[in-house]
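Peer 1: First, the structure itself, so that you have it in front of you.
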């Protein structure tokens, strides 16, 4: 687990010209017209994807949206590649998405693995964090050095943020995901109060404060 | 927008538990198995319900049967292959019927996210003539449990509630209700109903067939089967109808939003009347279902004079998806089955979508050639040292079902078999009987929970039939893979009470095994010595490799290890241990301190003493 050395601590990598307002407007329109918005989370088993999807989903529910969430349990959780998804709208049918309006990756390799799922107009937020899969040593395949360029080659709509560094600075590495959610909150039309309440309702009591802090740190990253 | 503050986002499993509570269930039993496990975990949160982890699904169903005879509303939950284990009581329960209502949840796993096969358990309901309901989201999962109990008591039958992984593990909004108390029905002795000797069985079989006719009538009137008619406008597709159930209904509603859909809540029995009414005036019925053509074949047999499509287009394996349905939609509307004007209009949109996605496909995917990330045994897993040794000794290893099945993957690459719960012990005996040369070179491995589930009988069988292999019981003090459920070896019940701790080695001793060793698998040198000794014995041996699952030790103070680069000769032997905490990058070996649990086993594996305590 190492951080991309090319970036200064706490800074994000983003192509110039990203306007989160543009996305906010787009998705507000989509939701108002009865469309469904789909968000994919990817990471490594044990990184807390289920909690992360739940926080987003309950925030959306509090905002009066219909929500469906898909999770992975059982064998796949044991350090394997895992995904979860949240779909929201006036009426949502399938809990599984076909293409994602948004991808949030808790780990860089898992961002590349699922990038194909990103809608051409979608956006991806990636945690600048690496977990080496054991298979690397067996297959002789290296952990890709050029993840940023891999992403950039696919879409201009990406952002890599040092969520784990920020979480470490708050003395709680487990809130990395909440930092990412804070950043995500700049792009999607969910009220701040709903986010706050959902965090309070879902994280362990003793961790509420640090999670709220992590969320607001994440929110700062782009605004 | 509708006020949603009273709604809760529940998984299908949580919703089933809520349904059990609201239906006035008093007794609930299960053996853990993905994707069904969280049903009982959540039921156990309601103090009004007695809940238990049974030793296996067969005992769970038998216990439920007793509770039902005693007059209580009873819920039993299991994964699809669990119903194989419980099939014996299940088939005859269809004959005896119930007293207190009984609902059996079968959680199927199309796509095999965490299973050894993807059998379609809908056939169990046809096989047994037990009625079956299939919910399509969490609200229905809750509501259908309540309805299933009403059906159960009205028709004197157990009822199957069949879910799939996508229902069990998807969250959607549920409106919680109040609990309806159901007093215990009085038990009256009734041998003709509950004692299935052949003479009474014959009577009950006829009763079952009569009940079946009544259930068909019921299915024809029930609002559990529902017709969705597209709201407005371009209703030109009404010469086409879709018949579907469960999660597939959601995919169908999203892709075929302007086509009439008959949504079956009761998928056994099927009502000829319901389907005939739907088919009238249509040219084509599309049956959308995962796995087998369970509905399609029955509907084809109804001889409705309508073209029926289904498995000609949809795979018989894995899950369906929006993509599969969308592709089908494209194919279908390119044909002459519906009016051309509509076809054009639709295809304009579809083509536009298609061209963008084709463009994307032409790009080389960034995901090509990146390292895979299959699930692995955790850092500090007590199973790892066992399999490391078994591989080193080049033994044949007849395996079983649990986390340790992951030892089949490189670098441990240890397992020779994994068939079903409890199978490894019997397989090892069979190998030994068939080929005397494997003697001294074969072991079976089985987890603690799996041993209690179905390893005890083959253990006794191996003693009786003079097996001479080594049975290794991987006792990590918990049912780990499904998320840490207690079992008879733990000394705790599902409801948190203390109970007798059943010891695997005592069972082995009681069965007459002479060679029994209990070893801590972290002591890898001792483990290797013990296994070598036991392999030389002429009689059956049992080794209990006992060490708590490392995930249960989370939060404990731990010492981590590091690799002393001065001593490291870069031989790479530590990577062959397969611990995810040991990393190799830029020609340097290191231990990730965030992942290392301090088991220290790798210190014994490194021949140069380069791995040290921090």
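Derivation of every value follows stated rules applied to the coordinates shown; laboratory data play no part. Just so it is clear, the model here is predicted, and its values are computed rather than measured. Backbone-built Cβ (ideal geometry, glycine too); neighbour counts: all protein chains shown.
Peer 1: Quick one: divide the alpha-carbon radius of gyration of chain B by 2.2 N^0.38 Å and tell me what you get. Can you show the working numbers first?
Peer 2: Working: Rg = 27.8 Å, N = 614, 2.2 N^0.38 = 25.2 Å.
That works out to 1.10 for chain B.
Peer 1: Could you please state, rounded to a whole Å, how far the C-alpha centre of segment B:229-303 is from the C-alpha centre of segment B:407-421?
Peer 2: Their Cα centres are 42 Å away from one another.
Peer 1: Something else about it: Roughly how many Å is it from the Cα centre of segment B:129-172 to that of segment A:54-114, as a whole number?
Peer 2: The distance from the Cα centre of segment B:129-172 to that of segment A:54-114 comes to 25 Å.
Peer 1: Only Cα pairs within less than 10 Å get springs; with that Gaussian network setup on chain A, which residue of A:68, A:205, A:108 has the largest fluctuation?
Peer 2: Its mean-square fluctuation being the largest, the pick is A:205.
Peer 1: Neighbouring Cβ atoms within 10 Å as the yardstick, rank B:227, A:180, B:409 fewest first. Walk me through the intermediate numbers first.
Peer 2: Numbers: B:227 12, A:180 28, B:409 18.
Result, fewest neighbours first: B:227, B:409, A:180.
Peer 1: Would you mind calculating the relative contact order of chain B from Cα pairs under 8 angstrom and at least 6 residues apart, reporting the percent as a whole number?
Peer 2: Details: 1243 pairs, mean separation 63.0, N = 614.
Averaging sequence separation for qualifying contacts and normalising by length gives 10 percent for chain B.
Peer 1: So the label point goes 7 Å from the Cα of residue A:216 along Cα→C-beta, right? Which residues of segment A:151-168 then have their backbone N under 16 Å from it?
Peer 2: Backbone N within reach: A:167.
Peer 1: To make sure I understand, if each residue's beta carbon is the centre and we count other beta carbons within 10 Å, what order do B:312, B:57 fall in, fewest to most?
Peer 2: Details: B:312 9, B:57 31.
With the sparsest Cβ surroundings first, the list reads B:312, B:57.
Peer 1: If you don't mind, there's one more thing I want to ask. Go ahead and set up a Gaussian network model of chain A, Cα springs under 10 Å, then flag whichever of A:202, A:146, A:186 fluctuates most.
Peer 2: In the Gaussian network model the winner is A:146.
Peer 1: What would the Debye equation give as log₁₀ I(q)/I(0) for the protein assembly as shown at q = 0.07 Å⁻¹, counting only Cα atoms as equal point scatterers?
Peer 2: Each listed q maps to, in turn, -0.59.
Peer 1: Can you compute the helix-only [θ] at 222 nm over the protein assembly as shown? Use -39500 (n - 2.57) per DSSP H run of at least 4 residues, normalise by all residues, nearest 500 deg cm²/dmol. The partial results should precede the final answer.
Peer 2: Details: 30 runs with 305 residues, N = 837.
Taken over the protein assembly as shown, the calculation gives -11000 deg cm²/dmol.
Peer 1: How compact is segment B:477-525 by the rule of thumb for globular proteins, expressed as Cα Rg over 2.2 N^0.38 Å? Don't skip to the answer; put the middle values down first.
Peer 2: Values: Rg = 13.5 Å, N = 49, 2.2 N^0.38 = 9.7 Å.
Relative to the 2.2 N^0.38 Å estimate, segment B:477-525 comes out at 1.40.
Peer 1: Nearest 10 degrees is fine. How inclined is helix A:192-202 to the longest principal axis of chain A, computing both from alpha carbons?
Peer 2: 70
Peer 1: Output the Cα-based Rg and Dmax of segment B:372-507 in Å, rounding Rg to one decimal and Dmax to a whole number.
Peer 2: In Å, with Rg to one decimal and Dmax whole: 15.1, 48.
Peer 1: Please state the relative contact order of segment B:6-62 as a whole percent: Cα pairs under 8 Å, 6+ residues apart? Mind dumping the intermediate values first?
Peer 2: Values: 66 pairs, mean separation 21.2, N = 57.
With pairs under 8 Å counted, the relative contact order is 37 percent.
Peer 1: Could you identify which residue out of A:139, A:116, A:32 has the top mean-square fluctuation in a GNM of chain A using Cα springs shorter than 10 Å?
Peer 2: Comparing A:139, A:116, A:32 in the GNM, the peak value goes to A:139.
Peer 1: I'd like the orientation of helix B:57-69 relative to chain B: the angle between its Cα long axis and the longest Cα principal axis, in ° from 0 to 90, rounded to 10.
Peer 2: Rounded to the nearest ten degrees, it is 50.
Peer 1: Rounding to the nearest 10 and keeping the result within 0 to 90°, find how far the Cα-based axis of helix B:524-535 lies from the longest principal axis of chain B.
Peer 2: With rounding to tens, the tilt is 80 degrees.
Peer 1: Tell me the Kirkwood hydrodynamic radius of chain A in angstroms, computed as one over the mean inverse distance between distinct C-alpha pairs. Display every interim value, and only then the final one.
Peer 2: Numbers: mean 1/r = 0.0574 Å⁻¹.
With all distinct Cα pairs of chain A included, I get 17.4 Å.
Peer 1: Once you sort the root eigenvalues of the Cα gyration tensor of segment B:462-549 as a ≥ b ≥ c, which label holds: rounded (a/c under 1.5), prolate (a/b larger than b/c) or oblate (the other case)?
Peer 2: Numbers: a/c = 2.70, a/b = 1.58, b/c = 1.71.
The shape class here is oblate.
Peer 1: Using alpha-carbon pairs under 8 Å, 6+ residues apart, how would you state the relative contact order of segment B:465-523 in percent? Don't skip to the answer; put the middle values down first.
Peer 2: On the way: 41 pairs, mean separation 10.0, N = 59.
Rounded, it is 17 percent for segment B:465-523.
Peer 1: Can you put B:205, B:169 in order of Cβ neighbours within 10 angstrom, beginning with the fewest?
Peer 2: On the way: B:205 14, B:169 25.
Arranged by neighbour count, lowest to highest, B:205, B:169 become B:205, B:169.
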